[in-house]
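What follows is a single structure, written as structure tokens, with notes after it.
The values are calculated or read from the model by the stated rules, or taken from the named source; none is laboratory data. Quick caveat: nothing in here was measured; it's all calculated off a predicted structure. Quick reminder, even Gly has a Cβ in these numbers, built from the backbone with ideal geometry, and neighbours come from all protein chains shown.
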Amino acid sequence: MKTLTCWLMLASITIPLHLITVTVTASTTVHKQQQPLTTNVNMEDNIAYHQTVMGAGDNDNSYLDDATYAKYAARYVPIDTTWQVLGPFPTGMREQDFGADPLEAFGGFRQLEYDAKAKFPSELALDGVVSWHTTKMDHHGWVNVHYPDIKWEFNQLSLGWGINQFQGWARTTITVPNIKHGEGGTSSDGLVSITIQLENIGDFYVDDERLSGDWYGYGLTRHTLRLQPGSRHTLSVRVVHEVRIFGGVILPPPSKFKCELRLPFPYGHEGPNGSYRPMVQVIKEGTGGLIVMDAVDGVLAGEYISVALRNVGVQSVVIKSVKVLQGSRVLEAQLADQDKNDIRIFPSTHRPIAVRLKKLTGSGATTDDFREGEFSLRFEVATLSPDQKGEGHIGFLTTETLLIAQRKWGEPYIYTFRDFDGTIHYAAAIPPSNPESQPSNSAPVLVALHGAGLHIDVNIHRGYDWHGVSIKNVMNAIDSLAALLPGVPEHLKSLPGIKPDPNRLFMAVTPAAGYVNIKQYVPFSSWLSNSYTDAHLRGILESSIIEFDNDVHMSNTVGIPILARTGSVDDNVPPFHSRKMVRLGQENAHNTSAIRLSEVPGQGHWFKGVLQDAVMIVFLQTHLHDTLVTLANKSQSVEEVKIVVRPPFPDTCVITVINPAGMGSKCGIQVEQLRIPYRKGTIKLEVVKGDQVGELPTWIMVTTNIRRFAFSDLHLALQRQRHGRIGKLVIDGTTFDLTGRVMSGSGSFVREDGRLSKTGQLWKIAEDDEWKQHERHRETYGPAIQVLEKRVVIVLGTHFESMRFARTADRIAKLVAHDIYQYGRGDVEVLTDCELLDRYGDSSLEMKEGERVNLVLIGDAHQNSATHIVLGDRKSEVTIDTEEGVVSIYPTGQDFEQPGTGLLMIRPLGPSNLAMVIAGLDPQGLETAARLFPKRTGMLVPDWIVTGPEMAWKGAGGILATGYWGNHWEYLPTMSA
């Protein structure tokens, strides 16, 4: 498009497309002979590997130059480049977090010794068995895994590309460098800090400790291990070929991963010239660690930047201040949250630090000073004492040179904004080319979202498929653009038509190469768990993600102009999905022209011009450009003027909802509660216009499984005007006379469980929102993944009965923090229960009014004081008691006492926040429950779930109980299994 009379905003989910088209390197060698792990590391291979992958101190904020690094080159982390491989075995989409490892039925991979003659059952292979082989890691750290005897093409003929979702295992050994002083003079344990991460991997083990991999190759995260100098450890990697990430078309399916090991600071706290150096790194590797806005005609496009930091030490640190070093004549910086609680970074965790950046004026800085756009920051960092109550050493951490890209007005630019959890994110914007032509003082917003592979300089880390958290992210981006006009020069802000209008969203939609739902994109039919579960349990689990099934909700699209686009040879998201959605849209509208399909011959996925060719330009011009209307002025002369034309209000409407928490309003109606949560609810609306002139219309509603609804804020505003008023509202036969009445913003219509009186009225008006104090509402309706939709604080219990239990809990807290940062770039604070109670008080956890914080509590009420308070405020009918060794469901009388039992559940934290409890009867139970933390989309995790030890090999078939809470947080028999 050569000209735009609207704002164009671009955003993308971070699932790099290059991973889908990855190819196996020709240098891979597969060894069939028996070759056990050895203690003799191939030093030539390791030196080449560490020179290429580790670098000479690169990407680690080390002060070492090349000469100094070479002097201590022996202090790398040796790794055996020969890997033992066993597989492949079948697995389902998003099933790995449920366990579902066939080898666990035979003792588990980590307990099996290499034996070239041993065979294990797998329906993927000839004769139904697979055996061991070995492969080599190349000099770049990549391990290519081949299964040459598998007939992939034949398997796919009957089972589709879902059969290419498979798993296997690989292992080798690492040797800890013999650094005797450990972490410098301040460390007394004599252990060595090592950072580790594996790319293209979901999880892996160092000995018996599970760690999270880097599925999508973001490159942002590292785990910090504390290991004995000179010790040798086994690295076991669960290698899963996930079709959604790596593709399902290439045969044989490429399966490879990358291993990275580093010594973050070989000399501990010893900095240049004997200064103190905090054990903290600036995350400059990977994608999204540093977020900086552009400047448009010298104006900063946003108020904030973000610098992610990683604590690789053994003590928590506090970020006390920040200042500009290079560029201080032009810019000044301060911590965005300096006036709030301390910015603490727990050991082995990451936090994106929000920094307010301001351009100085009247300081003698010249335009040339700023035109370069280069600056650097220095953070003041205090290391906390071991009791976490006092500050120890103070040191400084300096970034490399950062760059503010210089743009001219009219060019695409990056702007930053503050998201719902306080983190700093960004979007790309293209301003309207002719804002004066707008018919009002605002402009429509054209939002372009992409699921994979579209780069806007760097990728955006809200990788949740535009579900839940991601929707909030994009809406905050739009609201920020509308409210603050970031990047708009001051002299242009007063122009008519320059201000974006969020209310002019969703006037038309173009789904380009979208899928119907995740279960049809890569079928869940290959789950190993299906052989151990019944239909009821599977239904309960799948109910947790049905709210994102587009096909179920197609009635909500009626009346919205939609042009679906796809390439006829798209082998990433096949055109079947677009065709099906068009059919469903036309069926729901009872109109074969309701939704148009543009299937472009010979084109694949997200082809050039998908949003810019002639077909799209006509569609956009039809629905974005305002209609020319001929009007007569007072002098009877005729003129053509532009007005904002909105779609007419429909005479009929069918609203479909599975989860009120994940759905906005339709036809001015916002569903607040369902009678049975997570079952489909509908409202069929008919608007009957009055027969008399001036008579207000009657709204007739017929509901199914709806308990409470309200009018949306926008519709309430319209009701205050004559044309938006309602005369009578009839709900399932109950009539309300609304003539001359406008509902308050807190009012709602609620259906009682029984009839109110002999008159047979089912519905009544709730005049206020007092019900939200004790009932579930859209901020607390679940399921478990809703805990991510506010700022998250992880609370680690300090009362575990054994060191092993405490060590497992500590690792789980770090893993949850790692996963929230990696998948969503969320800012997670980790505190002990004692630290949390110091902040909020010993007797309650009452948040300040409006404080939007969800807690993740590690440990039960005996192990975590915060859990004790949360569960004490409102009794739960599903409980765990580690002292008694039992998980109980009181309404059913069920008690689960076997070792390895765990519990994950969400509970209310005050009226508007959530607390997630993750606990186990023993370390194994805690581990199993924690695996189900809903770190990414497609995980089937309801409101609560009791995990059992057999999940290791049965997957979901080993679940002991699961379900959803009712509207009053009660046990719900109809939605439990």
Name the pairs: first residue in the stretch 203-222 and under 17 Å from Thr808 (Cβ atoms), second residue among the β-branched types (Val, Ile, Thr), Cβ to Cβ under 6 Å, at least 6 apart or on different chains? Phe204/Val237; Asp207/Thr234
Please tell me if Val750 is in contact with a helix residue (DSSP H, G or I) (Cβ under 9 Å, 6 or more places away or on another chain) and in the same structural domain as Gly859 (by TED's automatic domain parsing). no
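Scan the stretch 768-791 for residues that are of a type in the set (A, V, I, L, M, F, W, C) and either touching a helix residue (DSSP H, G or I) at 6+ places or on another chain (Cβ under 6 Å) or closer than 14 Å to Pro908 by Cβ (or both) and jot them down.
Of all residues in the stretch 768-791, those of a type in the set (A, V, I, L, M, F, W, C) come to 771, 784-785, 787-788.
If the condition is that a residue be of a type in the set (A, V, I, L, M, F, W, C) and either touching a helix residue (DSSP H, G or I) at 6+ places or on another chain (Cβ under 6 Å) or closer than 14 Å to Pro908 by Cβ (or both), then Trp771, Ala784, Val787, Leu788 are the ones that fit.
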Find all pairs meeting these conditions: Cβ atoms under 6 angstrom apart; at least six residues apart or on different chains; first residue within the stretch 779-808 and farther than 20 Å from Asp465 by Cα; second residue among the aromatic types (Phe, Trp, Tyr) and at pLDDT 95 or above. Ala806/Phe800
Here are some residues: Lys320, Lys340, Lys258. Which one is surrounded by fewer than 23 Cβ atoms within 10 Å (Cβ to Cβ), part of a strand (DSSP E or B) and not assigned by TED's automatic domain parsing to the domain that holds Asn155? Lys320
Could you list, in sequence order, all residues of the stretch 877-902 that are in contact (Cβ under 8 Å) with a residue 60 or more places away in the chain and surrounded by 22 or more Cβ atoms within 10 Å (Cβ to Cβ)? Val878, Thr882, Val887
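Are any residues in the stretch 302-317 in a loop (DSSP other than H, G, I, E, B) and either free of Cβ contacts under 8 Å to residues at least 24 places away in the same chain or over 25 Å from the mean Cα position of the chain (by Cα) (or both), and if so, which ones?
Quick first cut of the stretch 302-317, residues in a loop (DSSP other than H, G, I, E, B) only: 302-303, 312-316.
Passing the criteria: Gly313, Val314, Gln315, Ser316.
Could you go through the stretch 862-869 and let me know if any residue there is out of contact with any Asp or Glu (no Cβ under 8 Å at 6 or more places or on another chain), in the same structural domain as Asp819 (by TED's automatic domain parsing) and modelled with pLDDT of 90 or more.
Taking the stretch 862-869 as the starting set, the residues that turn out to be out of contact with any Asp or Glu (no Cβ under 8 Å at 6 or more places or on another chain) are 868-869.
Subset that is in the same structural domain as Asp819 (by TED's automatic domain parsing): 868-869.
Then drop every residue that is not modelled with pLDDT of 90 or more, which leaves 868-869.
Yes: the stretch 862-869 contains one or more residues that are out of contact with any Asp or Glu (no Cβ under 8 Å at 6 or more places or on another chain), in the same structural domain as Asp819 (by TED's automatic domain parsing) and modelled with pLDDT of 90 or more.
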From the list Leu309, Leu335, exactly one residue is surrounded by fewer than 20 Cβ atoms within 10 Å (Cβ to Cβ), at pLDDT 95 or above and farther than 30 Å from Trp169 by Cβ. Which is it? Leu335
Output the residues belonging to the stretch 558-595 that are outside any loop (DSSP other than H, G, I, E, B), closer than 19 Å to Val243 by Cβ and among the hydrophobic types (A, V, I, L, M, F, W, C). Phe576
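Only one of these is farther than 21 Å from His623 by Cβ and among the acidic types (Asp, Glu): Asp501, Asp551. Name it.
Details: Asp501 fails: farther than 21 Å from His623 by Cβ.
Just a single option satisfies the conditions, and that option is Asp551.
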Failed criterion for Asn459 (all others in (1) buried (at least 20 other Cβ atoms within 10 Å of the Cβ); (2) in contact with a Lys or Arg (Cβ under 9 Å, 6 or more places away or on another chain); (3) modelled with pLDDT under 80; (4) of a type in the set (S, T, N, Q) hold): (2)
Name the single residue, out of those in the stretch 127-141 being at pLDDT 95 or above and surrounded by fewer than 19 Cβ atoms within 10 Å (Cβ to Cβ), that is farthest from the chain's Cα centre (by Cα). Asp127
Considering only the stretch 556-570, how many residues are crowded, with 19+ Cβ neighbours inside 10 Å, over 13 Å from Val582 (Cβ atoms) and polar (S, T, N, Q)? 1
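How about the stretch 289-301: which of its residues are within 23 Å of the chain's Cα centre (by Cα) and in a loop (DSSP other than H, G, I, E, B)?
First, the residues of the stretch 289-301 that are within 23 Å of the chain's Cα centre (by Cα): 289-293.
Correct list: Gly289, Val292, Met293.
With a cut-off of at least 3 residues that are farther than 30 Å from Ser193 by Cβ and touching a Ser or Thr at 6+ places or on another chain (Cβ under 9 Å), name the strands (runs of 3 or more DSSP E) lying wholly within the stretch 68-173. Spell out how you get there, then give the answer.
Working: elements: 82-90, 132-136, 142-144.
Because the criterion is at least 3 residues that are farther than 30 Å from Ser193 by Cβ and touching a Ser or Thr at 6+ places or on another chain (Cβ under 9 Å), the strands (runs of 3 or more DSSP E) in the stretch 68-173 that meet it are 82-90.
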